[in-house]
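The values are calculated or read from the model by the stated rules, or taken from the named source; none is laboratory data. These figures come from a predicted structure and were not determined experimentally. Every residue, glycine among them, receives a Cβ derived from its backbone with ideal geometry; neighbour counts consider all protein chains shown.
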Amino acid sequence: METRNPMPLIYKILQPSEWEAMQAQGHLTGAPVDIADGYIHFSTARQVRETAARHFSQARELILLAVDAEALGGSLKWEPSRGGDLFPHLYAILPLAQVRAVHPLCLGGDGVHQFPAELDE
């Protein structure tokens with residue numbers, strides 16, 4: 001059964017080239033994995049560190065988008081994934097106008113991505 005998650009912001013990790021393409025096109029259709037799966041993968045603030053560690057561990061420079069989940073409307077579905085945890089999946093393109101914040105996501109000397117302080121609040 002699908003339920004709504006109360007978190008106001010959800011997060012998308014992109015390669016710098018994907019972010020550049022999104023800016024040029026005014027929207028994101030998804031990274032290759034998103035296109036293959038048929039939806040754009042997002043994570044909540046609680047999930048995004050593990051997403052980075054599992055899927056982007058070797059990437060030195062990434063872009064972290066913060067998106068208002070409510071603004072995506074009914075195209076955003078909360079579905080079980082890793083360990084049954086509910087993840088936000090967008091079954092539509094992501095308009096650039098829905099991006100609320102953009103953060104560089106760099107790999108620290110300890111091999112862990114350095115996330116913005118807002119995710120610790």
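Some values worked out for this structure:
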{"item": "Residue identified as acidic (Asp, Glu) and within 19 Å of Pro32 (Cα to Cα) among Glu61, Glu50, Glu70, Glu79", "result": "Glu61"}
{"item": "Among (1) part of a helix (DSSP H, G or I); (2) over 13 Å from the mean Cα position of the chain (by Cα) - the single one Ser57 does not satisfy", "result": "(1)"}
{"item": "Segment 35-72: number of residues that are out of contact with any helix residue (DSSP H, G or I) (no Cβ under 8 Å at 6 or more places or on another chain) and closer than 15 Å to Pro95 by Cα", "result": "4"}
{"item": "Near pairs, Cβ below 7 angstrom, 6+ apart or cross-chain, from segment 103-121 (under 17 Å from Gln15 (Cα atoms) and among the hydroxyl-bearing types (Ser, Thr, Tyr)) to any residue that is at pLDDT 90 or above and not in a loop (DSSP other than H, G, I, E, B)", "result": "none"}
{"item": "Residues of segment 3-23 satisfying the condition of being free of Cβ contacts under 8 Å to residues at least 24 places away in the same chain and either within 22 Å of Gly83 (Cα to Cα) or surrounded by 13 or more Cβ atoms within 10 Å (Cβ to Cβ) (or both)", "result": "Pro6, Ala21"}
{"item": "Condition check for Leu96: touching a Gly at 6+ places or on another chain (Cβ under 6 Å), farther than 18 Å from Asp120 by Cβ and not basic (Lys, Arg)", "result": "yes"}
{"item": "Candidate set: segment 16-54, residues that are under 14 Å from the mean Cα position of the chain (by Cα) and of a type in the set (S, T, N, Q); chosen: the one farthest from Lys77 (Cα to Cα)", "result": "Thr51"}
{"item": "Every residue from segment 24-52 that is β-branched (Val, Ile, Thr) and buried (at least 18 other Cβ atoms within 10 Å of the Cβ)", "result": "Ile40, Thr44, Val48, Thr51"}
{"item": "Complete set of residues in segment 55-82 that are closer than 19 Å to Gln15 by Cβ and out of contact with any Lys or Arg (no Cβ under 8 Å at 6 or more places or on another chain)", "result": "His55, Phe56, Ser57, Gln58, Ala59, Arg60, Glu61, Leu62, Ile63"}
{"item": "Among residues of segment 71-98, those that are closer than 27 Å to Gln58 by Cβ and free of Cβ contacts under 8 Å to residues at least 40 places away in the same chain, counted", "result": "4"}
